[in-house]
1. Which trypsin sites (Lys or Arg not before Pro) in the range 169-241 sit in a loop by DSSP (not H, G, I, E or B) and have at most 13 other Cβ atoms within 10 Å of their own Cβ?
2. What GluC sites (Glu not before Pro) does the range 99-159 have in DSSP loop regions with at most 16 other beta carbons within 10 Å?
3. Within the range 219-253, name every residue whose backbone N is under 14 Å away from a label modeled 7 Å from Cα of ASN268 along the Cβ vector.
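Read-outs: derived from the displayed coordinates by stated rules, not from any lab. Everything numeric here is computed off the predicted structure, so don't read it as measured data. Ideal geometry is used to build each Cβ from the backbone, glycine not excepted, and the neighbour counts take in all protein chains shown.
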Amino acid sequence: MPSLPTTNYKYDYQLVPDDGEHVEKRRANTKKRLLFHFVAVMAVLYAAFSGIRYGARAGWLKGCAGKMRYSTKTQLPSHYTLPSGDKIPSVALGVWQAGKGEVGQAVKVALDAGYRHIDGAWIYRNEEEVGQALKESSVPREEIWLTSKLWNTFHAPEDVEPALDESLAKLGTDYLDLYIIHWPVAFKKGSNNELDEQLTADPYPTWQALEALVDKGKVKNIGVSNFNIPRLANLTANNLKYRPAVNQVELNFWNPQPDLLKWAKEHNLLLEAYSPLGSNKQVKETLERPEIQQIAKDLGITPAQVIISWHVQRGTVVLPKSVTPSRIQENFKVTALPDDAFAKLEAAATAHPPQRVVNPSKNWGLPFDVFEDYPY
Ligand code: A2P
């Protein structure tokens, strides 16, 4: 039978000369112990935190604190991926109705606050000032998502590229991230209210001119705006080289358009929400809605943040307009609403008859309602 080794384990440590090698070993052991304690403490904290979260979800903690009234939350997307593979930021600064002398400052404040998406249009008549602000900013062009829109007067295929070139020159850039047909309404060449019935009924020739801009590299993505489902179906029934990547439409508490949103999701078409707060005409009424006020109070955020977050949670890009620095900063801070708060807001928004803020059909003297009637 082999004899057992006689090493004195108890005092082994003390008997060994304290040379560098053993100092290192001791240090390593101490590190191991510290690491073990750290892992143990983290595990206890994690278990406690999970318990609290589970309790909150299960409703055990209901009523303990305002912020715990709601259950699960989903994560809000910071970007959406378009068919081109490009990633479009989910929150933009909208510059419709941002006047000259204030829009440039608004763009600068927005970029400083972290916005990387500016939604403009030729017809807003402020592209030069937006361009100047972009030029003066230290944010590189390639980090900013720039959208502009083709005005109704320029739907004739040969007018599309010159119209884009004018926007590019004003914005001080040689490409757009997104170029959109502003309205499904074509005016005759040079006119600002005479309907071109043919190009209005069939926008495919205009669309082909936009597709050519993608091939030239002047525009990365193309889309439409203010198209209803029959108009979208009419355009996409053609053999398109590039399908519309977005449809920018009015979406807010008063006009939430759940059917269009459902259709768009089923057809891989991203909606962009303009007038998301109800525009200047109805922003006050929106923010004062009791459901919105209550959610804001419970979550410790502002009513505008509730609405803007709701839009992103619905899966749309949101384009709040503001020229007020504190509001621009406020509007960028979106947060996922707990599922039941989201459902409550969705139910409230869809419970009343839809009410549009924006409809220029009468002003333009159209013989149809651009949102209701089709064909035209
Ligand atoms: P302002 O530009 O003077 O700051 P929408 O985005 O629906 O078109 O709404 C724009 C209107 O809402 C503008 O009148 C804008 O005013 C106002 N607005 C934008 N953000 C906020 C906010 N966080 N709180 C209150 N009003 C806001």
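1. Within the range 169-241, the qualifying trypsin sites (Lys or Arg not before Pro) (loop, at most 13 other Cβ atoms within 10 Å) are LYS189, LYS241.
2. Here the GluC sites (Glu not before Pro) that fit, given the DSSP loop and packing criteria, are GLU102.
3. In the range 219-253, the label zone of ASN268 (backbone N under 14 Å from the point 7 Å along Cα→Cβ) covers 240-246.
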